[in-house]
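First up is the structure itself, then whatever we jot down about it.
The values are calculated or read from the model by the stated rules, or taken from the named source; none is laboratory data. Not measured: the values here are computed from a predicted model. All Cβ positions, glycine included, derive from the backbone under ideal geometry; neighbour counts span all protein chains shown.
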Amino acid sequence: MRRTATPVIPFFRAALIAAGLALAACAPQPTAGVALPAAPAAPQSRGVAASGPVQVALLLPRGAAEAGVQALAADIEAAARLAAAEAGAGRIELRVFDTAASPAQAAQAAQAAVNGGAAILLGPLYSATTRAVRPVATGAGVTALSFSSDSAAGGAPVFVMGDLPENEADRLMGYAASQGVGTLAITRPQSDYGALSERAVREGAARHGVRVVHTLSYPRSFEGVQAALGEGAPGVRASGAEGVLIADGGQALRAVAAFLDYYDVSPRSVRFMGLGLWRNPETLQEPTLRGGWFAGPDPAAAADFEARFRAATGRAPHPLAWMGHDAVRAVAQLLAQGGAAPFAAQAVANSAGFDGARGPWRFTPAGANQRALAVFEVTEEGFVVRDPAPAALGAGS
């Protein structure tokens, strides 16, 4: 029977906005109102000298209006400089160009970087700014390693290196299938990230023989979640799904899980699951999520990077700071492989991959990335590894 009272749960609009900020660096961004030039035919990739410093441009939103985005940009830069110092011998010369979170300014920054002799572009941060940089990179024959988490923004000479829902969903669905989960319901926010996550989960589920039997979306507000779950939770329950994936994080995740439980979609009868946004201390504060599974990076490798970052800067890194480190480390590894054009698309999409701050990873020829991920379970004591990340990636595709 449908409940009429509202469960008491800790959920505030301000917390939703804060949780949304963590998504802002990786979710697809709208490009409406920005006229982007068509990409010209690509010339040969820009080469580098056999010795001496290589100019590497870092495209970051230093001048963004939001203080949180400025802080993220600062930590990505700090992590990049850490990796450059670890590469040694003054081989990598980093120069930072401000994109201000604007597609138009990102294109101008990229043009200034290539005019100044940059051999490769690292960044920008958003999907929209990445698309704006593509014509510049293509026209100059310069590869860009974007920090976006929208695989649709990738494609040579642009490669995206942010966490992709596709990787997380594939790893999680493979594990869920191995544990006997055969049917799945998806709950997700009505946002670009929500739509991207649903598509990724559907594709991963299909690859591993898991049937998606129900979907439920909700506006990302307290009233929206309350109304959508009140109306939609009975459908989730009636679907008979053995697993329920909640594609959200922070206070929004806690609210959705609490409402599902209140409307008798209980973790005692179904397995709650999620993507990388679950790796957040707030997840541990929601008892309903205990026993839930999610995919994420190797904790040992991540801890080593965090310790080195703290030693170099005196502070803990932003959760997305690792992208600056991994981008520069990839540059160093590509340079070490030698060749007149170490940053050509064929070299970047090398199936051997790279050693990252959170484990092995590689780019795909399509401009996306693949990562070695673990599967975690939420417990009262913390996140416990249920299935470790592989030590190496399998054969490339």
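Observations, loosely collected:
- Failed criterion for G292 (all others in (1) loosely packed, with under 15 Cβ neighbours inside 10 Å; (2) of a type outside the set (A, V, I, L, M); (3) in contact with a Gly (Cβ under 8 Å, 6 or more places away or on another chain) hold): (1)
- Candidate set: segment 340-364, residues that are out of contact with any Pro (no Cβ under 9 Å at 6 or more places or on another chain) and over 23 Å from A389 (Cα atoms); chosen: the one surrounded by the most Cβ atoms within 10 Å (Cβ to Cβ): P342
- Qualifying positions in segment 213-258 - part of a helix (DSSP H, G or I) and among the aromatic types (F, W, Y): F222
- Selected residue (only one of A340, A336, A349, A300 is touching a strand residue (DSSP E or B) at 6+ places or on another chain (Cβ under 9 Å) and within 29 Å of P157 (Cβ to Cβ)): A349
- Flag for S221 being among the hydroxyl-bearing types (S, T, Y), assigned by TED's automatic domain parsing to the domain that holds E380 and at pLDDT below 95: yes
- Candidates are the residues of segment 201-227 that are more than 25 Å from G182 (Cβ to Cβ) and aliphatic (A, V, I, L, M); the one that is nearest to the chain's Cα centre (by Cα) is V225.
- In segment 106-148, the residues that are aliphatic (A, V, I, L, M), within 18 Å of F343 (Cα to Cα) and in contact with a Leu (Cβ under 8 Å, 6 or more places away or on another chain): A110, A113, V114, I120, L121, L122, V133, A137, V142, A144, L145
- Tally, over segment 295-318, of residues that are surrounded by fewer than 19 Cβ atoms within 10 Å (Cβ to Cβ) and within 19 Å of L72 (Cβ to Cβ): 8
- When residues of segment 269-289 are limited to those that are hydrophobic (A, V, I, L, M, F, W, C) and part of a helix (DSSP H, G or I), the one surrounded by the fewest Cβ atoms within 10 Å (Cβ to Cβ): L284
- Of the residues making up segment 297-320, just one is among the basic types (K, R) and either assigned to a loop (DSSP other than H, G, I, E, B) or in contact with a Lys or Arg (Cβ under 7 Å, 6 or more places away or on another chain) (or both), namely R315.
- Residues that are assigned to a strand (DSSP E or B) and closer than 20 Å to V378 by Cβ within segment 166-188 comprise L184, A185, I186, T187, R188, listed in sequence order.
- Within the option set G117, G182, being in contact with a strand residue (DSSP E or B) (Cβ under 9 Å, 6 or more places away or on another chain) and assigned by TED's automatic domain parsing to the domain that holds R220 holds for one residue only, G182.
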